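S.K.: Got a structure here, written out as structure tokens. Questions coming.
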Amino acid sequence: MDQNSPAETAGIEDTIDLFDVLLTLAENIWLLVLGPLLAGALVYGLTFLLPQKFQSTAILRAEADVASFMTTATVLDTSLTNLGFLKDLSEEEAEQARIDLNKRITTQVGRNDKLVTLTVTANSPKAAQSMANEILTHTFAGLRPKGAELKRLETQKATLEQQISELQITSKTAQKLLDESSPAGNMGLLAESISSLSAAQIRMQETLLAVEKRMQGLTDEDLLQPPTLPKKPAAPKKGLNAILTVVGTGFLMLIFVLLRQYWGSSSTLELHQHRLDALKRRYGFGR
């Protein structure tokens, strides 16, 4: 009796195993195709029953601490109160409303451009835009200088204005002396003095503008993009959910089919031939 060598036996077993996998996939082709498609269609249909979410986005030029201040309890509670969400609510319900709003607000600070992006999610486009506007309004008001800081800035502003006025007077006097001086006089020194006075005046004007800006705080002028009115819902993402469901269901069904076949498989050639013949009869091959 002829006997196959170990190498030949291993090769035959590998061929049989691969053939077994291909037969298994062919036998369950409709399950592997239709199952994921039906699951994806079902998920796609169910997403229409879920509430839609809309996002309003605003971008402003500000420091990183502004983004943190937007989500403080002071800003959120005031925004909810002005929009009527806290009317007739108990303290516990109001606290829960603030927590829910905080979950629907995201802020992002640019690393290089110092731009703060505010995104508010709500059940309708108008509600998202209104809440974003309220948050910005109370953020601007809350960060505006008050008390001792405001007095210090006012004093600094008055000092700068006085110094600028004195520089202007000195500059006019030097300019008058330059105009009246004779060519033999020291005109070069006067011209240099006038130039220095002008440069100092420009620097003080810039400092004064910075102080006035700090006194004014953030305003709508700092908004590069006011809160948008979204046209399309940000969630649920129907197409993406359906595609992920099809892929995930197909992968799970493939594992299920292969495991089921592995547990009940047979390594006999006769069984493989029987399954192959059954597939040929099913799909009309070999007639």
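The values are calculated or read from the model by the stated rules, or taken from the named source; none is laboratory data. All figures in this text were calculated on a predicted structure; none of them were measured in a lab. Note: ideal-geometry Cβ built from the backbone for every residue, glycine included; neighbour counts use all protein chains shown. Only protein heavy atoms, including side chains, enter the accessible area calculation; ligands, DNA and RNA are left aside. Shrake-Rupley method; radii C 1.70, N 1.55, O 1.52, S 1.80 Å.
S.K.: Could you list, in sequence order, the residues of the stretch 68-80 that are open to solvent by less than 70 Å² (accessible area, probe 1.4 Å) and among the small types (Gly, Ala, Ser)?
M.R.: If the condition is that a residue be open to solvent by less than 70 Å² (accessible area, probe 1.4 Å) and among the small types (Gly, Ala, Ser), then Ala73, Ser79 are the ones that fit.
S.K.: Could you tell me how many of the residues in the stretch 191-230 are open to solvent by less than 80 Å² (accessible area, probe 1.4 Å), among the aliphatic types (A, V, I, L, M) and without any contact (Cβ under 8 Å) to a residue 12 or more places away in the chain?
M.R.: Counting residues in the stretch 191-230 that are open to solvent by less than 80 Å² (accessible area, probe 1.4 Å), among the aliphatic types (A, V, I, L, M) and without any contact (Cβ under 8 Å) to a residue 12 or more places away in the chain gives 2.
S.K.: Let me ask another. Select from the stretch 66-80 the residues that are assigned to a helix (DSSP H, G or I) and touching a residue at least 40 places away in the same chain (Cβ under 8 Å) and write down the one among them that is nearest to Lys103 (Cα to Cα).
M.R.: Within the stretch 66-80, the match that is nearest to Lys103 (Cα to Cα) is Leu76.
Let's see how each residue does on (1) open to solvent by 100 Å² or more (accessible area, probe 1.4 Å); (2) small (Gly, Ala, Ser); (3) modelled with pLDDT of 65 or more:
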| site | (1), (2), (3) |
| --- | --- |
| Leu252 | yes, no, yes |
| Phe256 | yes, no, yes |
| Ser265 | no, yes, no |
| Thr268 | no, no, no |
| Asp277 | no, no, yes |
| Lys280 | no, no, yes |
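S.K.: Here's something else I'd like to know. How do the pairs read when you match residues in the stretch 165-179 that are without any contact (Cβ under 8 Å) to a residue 60 or more places away in the chain with residues anywhere that are open to solvent by 70 Å² or more (accessible area, probe 1.4 Å) and assigned to a helix (DSSP H, G or I), using Cβ under 7 Å and keeping only pairs 6 or more apart or on different chains?
M.R.: Matching pairs, first to second residue: Leu178/Met187.
S.K.: Something else: Among (1) out of contact with any Lys or Arg (no Cβ under 9 Å at 6 or more places or on another chain); (2) open to solvent by 50 Å² or more (accessible area, probe 1.4 Å); (3) under 30 Å from Leu101 (Cα atoms); (4) not hydroxyl-bearing (Ser, Thr, Tyr), there is one condition Lys151 misses while meeting the rest; what is its number?
M.R.: Unmet condition: (3).
S.K.: Where residues in the stretch 15-67 are of a type in the set (Phe, Trp, Tyr) and surrounded by fewer than 14 Cβ atoms within 10 Å (Cβ to Cβ), which of them is modelled with the lowest pLDDT?
M.R.: Phe48
S.K.: Taking the stretch 64-123 as the search range and keeping residues that are out of contact with any Lys or Arg (no Cβ under 9 Å at 6 or more places or on another chain) and among the small types (Gly, Ala, Ser), which one is farthest from Pro230 (Cα to Cα)?
M.R.: Within the stretch 64-123, the match that is farthest from Pro230 (Cα to Cα) is Ser90.
S.K.: Ser56 - would you say it is assigned to a strand (DSSP E or B) and either closer than 13 Å to Ile135 by Cα or in contact with a strand residue (DSSP E or B) (Cβ under 8 Å, 6 or more places away or on another chain) (or both)?
M.R.: It is true that Ser56 is assigned to a strand (DSSP E or B) and either closer than 13 Å to Ile135 by Cα or in contact with a strand residue (DSSP E or B) (Cβ under 8 Å, 6 or more places away or on another chain) (or both).
S.K.: Consider Pro236 carefully, then state whether it is open to solvent by 50 Å² or more (accessible area, probe 1.4 Å), at pLDDT below 85 and either more than 30 Å from Leu25 (Cα to Cα) or touching a strand residue (DSSP E or B) at 6+ places or on another chain (Cβ under 9 Å) (or both).
M.R.: Spelling it out, it is not the case that Pro236 is open to solvent by 50 Å² or more (accessible area, probe 1.4 Å), at pLDDT below 85 and either more than 30 Å from Leu25 (Cα to Cα) or touching a strand residue (DSSP E or B) at 6+ places or on another chain (Cβ under 9 Å) (or both).
S.K.: Right, next: Of the numbered conditions (1) of a type in the set (S, T, N, Q); (2) over 17 Å from Phe140 (Cα atoms); (3) part of a helix (DSSP H, G or I), Thr106 fails exactly one; give the number of that condition.
M.R.: All conditions pass for Thr106, except number (3).
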